Amino acid sequence: MPKILILADLHHDFWQEAGKDPLANADFSGVDLLLIAGDLSNKAHVRWKYALASIGQHINLSKVCIFPGNHDYYDGRLDREDKLEAIAQGMGARFVQQHEIILGRTRLLCCTLWTDMMLGGNRGRNGAEAMERMNDFRCIRVEREHYRKLRPHHTTDVHARHLG
Ligand SMILES: [Fe+2]
């Protein structure tokens with residue numbers, strides 16, 4: 001049976017800042033696939049290459065699949081995933097946003113997903129509260145809209161697309 005390791009919220013950049021390798025004691029022997037399922041780092045368009053290079057010291061990056069989490073978009077653009085894809089591919093990893101991975105009898109559906117903002121049934125109120133309280137709406141921009149700040153409707157649109 002294939003061995004799949006899923007890591008999420010690694011925030012490798014914080015570890016690097018502290019001079020530590022979060023995977024120093026991890027055992028990758030026999031791992032067929034490492035899925036990095038969101039939030040490898042803030043500012044992914046700058047930092048993914050360093051984080052992936054570090055991970056590549058433990059496992060061949062051809063076995064690594066990655067898609068972004070919300071923090072990966074920080075200081076970047078929601079609609080410039082092509083940059084993240086290019087970095088992943090350039091490092092020899094697979095960018096799997098909205099991809100299906102089938103390994104043996106296991107099927108992994110990969111996407112950021114975001115949220116529908118429908119908790120409690122009031123999208124408008126939830127969106128307004130999210131705008132006030134969540135850094136996502138200060139730290140991510142939308143390039144096609146003249147680099148305006150991310151708004152809740154952008155992420156609910158992506159949510160609908162990722163569900164589809
Ligand atoms: Fe996170």
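The values are calculated or read from the model by the stated rules, or taken from the named source; none is laboratory data. All values derive from a computational prediction rather than experimental measurement. Please note: Cβ atoms are built from the backbone with ideal geometry, for glycine as well, and neighbour counts cover all protein chains shown.
Summary table below
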read-out	value
Those residues of the stretch 122-148 which are surrounded by 15 or more Cβ atoms within 10 Å (Cβ to Cβ) and assigned to a strand (DSSP E or B), in sequence order	Ile140, Arg141, Val142
Residue satisfying condition, being among the polar types (S, T, N, Q), in contact with a strand residue (DSSP E or B) (Cβ under 9 Å, 6 or more places away or on another chain) and more than 16 Å from the ligand (Cβ to nearest atom), within set Thr106, Thr112	Thr106
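Table: residues versus (1) touching a Phe, Trp or Tyr at 6+ places or on another chain (Cβ under 8 Å); (2) small (Gly, Ala, Ser); (3) at pLDDT 95 or above; (4) at positive phi.
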{"residue": "Met118", "(1), (2), (3), (4)": "no, no, yes, no"}
{"residue": "Cys139", "(1), (2), (3), (4)": "yes, no, yes, no"}
{"residue": "Tyr147", "(1), (2), (3), (4)": "no, no, yes, yes"}
{"residue": "Leu150", "(1), (2), (3), (4)": "yes, no, yes, no"}
{"residue": "His153", "(1), (2), (3), (4)": "no, no, yes, no"}
{"residue": "Gly164", "(1), (2), (3), (4)": "no, yes, no, no"}
